[in-house]
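Notes follow once the structure below has been shown.
Values in this text are rule-based calculations from the coordinates and carry no lab data. Quick caveat: nothing in here was measured; it's all calculated off a predicted structure. Don't worry about glycine lacking a Cβ; one is built from the backbone with ideal geometry, like all the others, and counts go over all protein chains shown.
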Amino acid sequence: MDITVLDGYYYTKEHEWARIEGTTATVGITDYAQQKLGDITYVDPPAIGNELKQFEFLTGIESVKAASDIYSPISGKIAAYNSALDENPELVNKSCYTDGWIVQVEISDPSEIKNLMDAAAYRSYAAGLE
Amino acid sequence: MKNIYEKSVPGRRGVDPGTAKKETEKKLADRYRRISDNGLPELSELDVIRHYIRLSQLNFSVDTHFYPLGSCTMKYNPKVNEALSSLPGFAGTHPFMAYLDVDAVQGSLELIYSLSELLAEITGMKGVTTQPYAGAHGELTGILLMAAYHGTKGNRKKYVIVPDEAHGTNPASAAMGGFSVISIPVDRDGGMDVNIFREKMSDEVAGVMLTLPNTLGLFPRNISEIVKIAKKHDALLYNDGANLNAILGKARPGDIGFDIVHMNLHKTFATPHGGGGPGAGVVAVSEKLVDFLPVPIVTKTKGGAYTLDFKVKRSIGRVASFFGNFAVLVRAYAYIMMLGREGLTDASEKAVLNANYIRVKLKKYYDAPFDRNCMHECVFSARRQVQKYGVHAIDIAKALIERGIHPPTIYFPLVVDEALMIEPTETESKETLDEFIRAMVEIAETAEKNPGMLKNAPENTPVSRPDETKAARELKLTCNR
């Protein structure tokens, strides 16, 4: 399976990505995840202000194949949700790393970034799954 | 095909109710009179008959086609069961009769009593409730029994352990019962990973829910060890009996060490389901849980009469009105009595034989994630077809529809990538299995040579390939008139 992995992003084993800018992490699911899930039909909007712990449940996502959980790559508070997904969940398929972002998290513990994979590490991790 | 509203013609009638008597309208208060259009389509009797007969002809069912939908056990439902459940003494009885005049419904009560005894014998259990309406309802009942058991003992329990291959209803039922779910992955052998299980096990675990054989169609070879570890922590063992049809007369959940088992009578004991009729999720329990069963229970007096017992010491109460889906109980009882011990064992053996026949014949063409003997169903993966030709499990499913075969279950179990889960059941002939195998081989070859052909299938069916994404994204649940 050919997948796109962007440099400069951080990745989890559960196939979420995080783009860190200052104290904010923008979070979405990777190209690997969206290809595996198939056509996305619904993203459950999480409550703004919710406190998340690293690698714990963030929200649910549904595709024509299955309903799955998305986990937060980092601890913090949900600062924003991409409400464009309400009308156009397919943005996650079309543009998983940019327009298809899911939430922004106000990072509470930047030292947790070390628990994430960089692009090179994730690329070999995803290749190993095939 | 037009829907019934599109066929409507203003003023057309199937029935002439005659003209209203003079001044009838005046006798009715305004609030009882319909002012607006009642919204019903206007058709003749013949229009209505043709419409519904035509719809029934479009039906795809086990009575018309091979239906190897994995995990659903779409075996043939013998018609004698229908005849017996329609006997006026059963079909015409109101369940309240059991409360008002127990003498008048001795036959129905005897059936519930005898069926309960048979199911306890088949599963190796001590007590039975026939109330739950379907499998997931049986699961919830089981979880409530689990909670009541631990509550009475003063056990502080928080978790239920479920392997990651389980039916989604298992974690959902545990969560509805107030427990948090711990998910354990399967190991390379296809059973629950016993090392991770041992690590996660603690005195706070209320129970372990296992499907036997599991949803990969495999019998876990480490089951005794799992039971031993669970018992050490006073965790109850729950058997999701969705796949009981594979082990009838061969292994009894009670003997293995399970405390609770739900049976899908509609699957294992051949009653119509899946749009063809309601289910029955009868629950059987071990000695420890008998005192918690839902009431009423049908019992037999010393004089041999059947009566209702409401005095179960610590009953969790009622989980359904009356006795569950009684007509399904009648069909299941008829099925068990017709087959007997030898017949039920034979049914399981043939179900396993048929699944293995398909597994062996197809393993050259599709990847088998666990290459060992299976039980009543076999699970393949379309990974090879996806990676090499861009053909997915769903394309294979659609191509089967084109060939007059109901697709297997796809994309479940979730632990198998691009899963195709095939359950032929014991009621299919070798000729039907061979026809299915030929279709699957031909589809594998088409995927290789001409994958584009599979992308638009089916093309020659009353409804061609629906846009599943559009249907999920743009919900429209009303009918335009």
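Things to note:
- Calculated P(r) tail over 18 Å for segment A:10-125, as whole % of Cα pairs: 44 percent
- For chain B, the convex hull drawn through the C-alpha positions has a volume of 204 cubic angstrom per residue.
- Rounded to the nearest angstrom and listed largest first, the equivalent-ellipsoid semi-axes of segment B:52-161 from its Cα gyration tensor are 33, 25, 14.
- Rg/Rh, computed from the Cα trace of the protein assembly as shown with Rh as the Kirkwood radius, has the value 1.01.
- Residue-span extension gain [B:D309 to B:H65] - 0.36 nm each, minus C-alpha spacing: 83.4 nm
- Three-way shape call for segment B:25-113 based on the alpha-carbon gyration tensor, with the a/c threshold at 1.5: oblate
- Relative counts (whole %) of C-alpha pair distances in segment B:1-58, using bins that are 10 Å wide: 18, 37, 26, 15, 4
- The ellipsoid equivalent to the alpha-carbon distribution of segment B:88-241 has semi-axes of 35, 18, 14 angstrom, derived from the gyration tensor eigenvalues as √(5λ) and listed largest first.
- Across segment B:407-467, the convex hull enclosing all Cα atoms gives 128 Å³ per residue.
- Label-point separation, A:T24 to B:T345 (7 Å along Cα→Cβ), nm: 7.1 nm
- Summing charges over all other residues whose Cβ lies under 10 Å from the Cβ of B:E426, with Lys and Arg as +1 and Asp and Glu as -1, gives -1.
- Between B:V441 and B:N222, the simple spin-label model (points 7 angstrom out along Cα→Cβ) gives 3.8 nm.
- Percent of Cα pairs exceeding the 22 Å cut-off, where the set is segment B:79-338: 53 percent
- Cross-link partners of B:K313 among lysines, defined as those whose alpha carbon lies under 30 angstrom from its own and excluding same-chain residues fewer than eight positions apart: B:K126, B:K153, B:K157, B:K158, B:K228, B:K231, B:K232, B:K288, B:K300, B:K302.
- Between A:T59 and A:I70, the built amide H atoms are under 5 Å apart, and every one of these is 5 or more places off in sequence or on another chain.
- FRET efficiency, 1/(1 + (r/R0)^6) with R0 45 Å, evaluated for B:K302 and B:D467 via beta carbons: 0.10
- Spin-label model, A:A119 to B:Y357: label points 7 Å out along the Cα-to-beta-carbon direction sit 5.5 nm apart.
- Average other protein chain Cβ within 10 Å of Cβ, residues B:407-416: 1
- Gyration tensor (alpha-carbon) shape descriptor, segment B:345-471, a/c threshold 1.5: prolate
- Extension reserve of the B:R198-B:L55 stretch, reckoned as 0.36 nm per residue once the Cα distance is removed: 46.1 nm
- For A:T41, residues with placed amide H under 5 Å, excluding near neighbours: A:E62, A:S63, A:V64
- Whole-percent P(r), segment A:11-69, all Cα pairs, 10 Å bins from 0: 19, 54, 25, 2.
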